[in-house]
Amino acid sequence: MRITVTAPRSELGLIVTERNTGGDDADAVGRVVINVALQAPNSLLHDGQAWKRYPPARLLQETTAGIKAARQAAFLVHASYLFVGADEAGLEPGATLRPIIDATLEAERTVLDGPTPACVVRLGYLYGPASRSLRAYRRAFRLGRPYWAGPKSVRQRFLHSHDAADALLAAAAQRPVGRVLAAADNQPVSFATFMDDFARLVGNPLPLHLPAISAPLSRIIIAKEHMQACELRTSGIDAHRRPKSFAPRYASYRSGLRGIIDTWSSE
């Protein structure tokens, strides 16, 4: 399968390229573009800081660039965010997340209405062994630093980056024109539980949480986008419309985190 990946040097772009084992088949029916240019901020691991580099205007610009890159392609796979399904699920995003969601939904419509046959794949919050933000958390936990955990009762949908790449490649093979698909693991969990378990795996048995009362001061280092994302129950968003033949290898966050620790240990 002939694949072109936008943002090929990004964390997810590198993984998609690496996991495209189909190679450059000259007999394949046309080229497929996989647009991952919006995915850098799709994580709860950067404390919301990445959204400063990806304001709504940039999300639309990157989408337009992806459509342009696919002008001569047979199909376009556009990687989006699972949390933008909040409205469909009857959830109420925070005011800071709202412009991001509106721009992303506009981007999805632009892709599906564009000149190249296309689909959208909404991805859960990404994490993986190549994540620089997760490595930063490892250092912080080993130093005993607290973090903004959000409410433990609000569960999120996560997705290992290798599974994200496989979902996008499955969609590229399927080519489901006009469809909005989703990919997440099978075990929604709160960010607090996710990170507490990670902290224990890296040797911190009692990770500290920043108290909610510290929110005004914490915003110096923790962006509103992160605080509001931790409060948005993405477990309530439907993630069952997966690309055909896709099933997450890391079906639970525990197996995903364990795999990351094993990968780091072998480096």
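Structure notes:
- Among beta bridges that DSSP assigns inside the chain, antiparallel share in %, nearest 5: 10 percent
- Gyration tensor (alpha-carbon) shape descriptor, the range 1-147, a/c threshold 1.5: oblate
- Set of lysines with alpha-carbon distance to LYS68 below 30 Å, sequence-local pairs under 8 removed: LYS52, LYS244
- Full extension of the chain between ARG109 and ARG19 gives 29.6 nm of extra length, using 0.36 nm per residue less the Cα-Cα distance.
- Most mobile listed residue (SER80, SER214, SER131) in the chain, GNM with C-alpha springs under 10 Å: SER214
- Proximal lysines relative to LYS152, as straight alpha-carbon distance under 22 Å, when same-chain residues fewer than 8 apart are discounted: LYS224
- The chain: calculated mean residue ellipticity at 222 nm from DSSP helix runs of at least 4, using -39500 (n - 2.57): -11000 deg cm²/dmol
- Label-zone membership for the range 69-109, site LYS224, 7 angstrom Cα→C-beta point, backbone N under 18 Å: 92-104
- Among VAL202, VAL77, VAL189: highest mean-square fluctuation, GNM of the chain, C-alpha pairs under 10 Å: VAL202
- Positive-end ranking of ALA118, PRO146, HIS160 along the dipole of the chain, with charges on Cβ about the Cα centre, is headed by PRO146.
- Cβ-based net charge around VAL189, under 13 Å, with every Lys or Arg adding one and every Asp or Glu removing one: +2
- Mean-square fluctuations from a GNM of the chain, with a 10 angstrom spring cutoff on Cα atoms, peak among ALA170, ALA192, ALA65 at ALA65.
- Take the Cβ atoms of VAL177 and ALA140, set R0 to 41 Å, and the FRET efficiency comes out at 0.40.
- Cβ charges +1 (Lys, Arg) and -1 (Asp, Glu), total dipole of the chain, debye: 460 debye
- Formal net charge of residues neighbouring ALA40 (Cβ-Cβ distance under 12 Å; K, R +1; D, E -1): +3
- For ARG155, distant residues with modelled amide H under 5 Å away: SER235
- Residue (of HIS240, GLY203, GLN39) at the positive-pole extreme of the chain, dipole from beta-carbon charges: GLY203
- Surrounding net charge for ALA107, when Lys and Arg each add one and Asp and Glu each subtract one, Cβ distance under 12 Å: -2
- Dividing the radius of gyration of the alpha carbons in the range 2-259 by their Kirkwood radius gives 0.97 for Rg/Rh.
- Efficiency of FRET between ARG200 and ARG71 - r from beta-carbon atoms, R0 41 angstrom, step 0.05: 0.25
- Likely footprinting exposure, GLU225, GLU267, GLU92, fewest C-beta neighbours within 10 Å first: GLU267, GLU92, GLU225
Here, each number is a calculation from the coordinates, and none is a lab measurement. These figures come from a predicted structure and were not determined experimentally. Because the Cβ atoms are built from the backbone with ideal geometry, glycine has one as well, and the counts that use them run over all protein chains shown.
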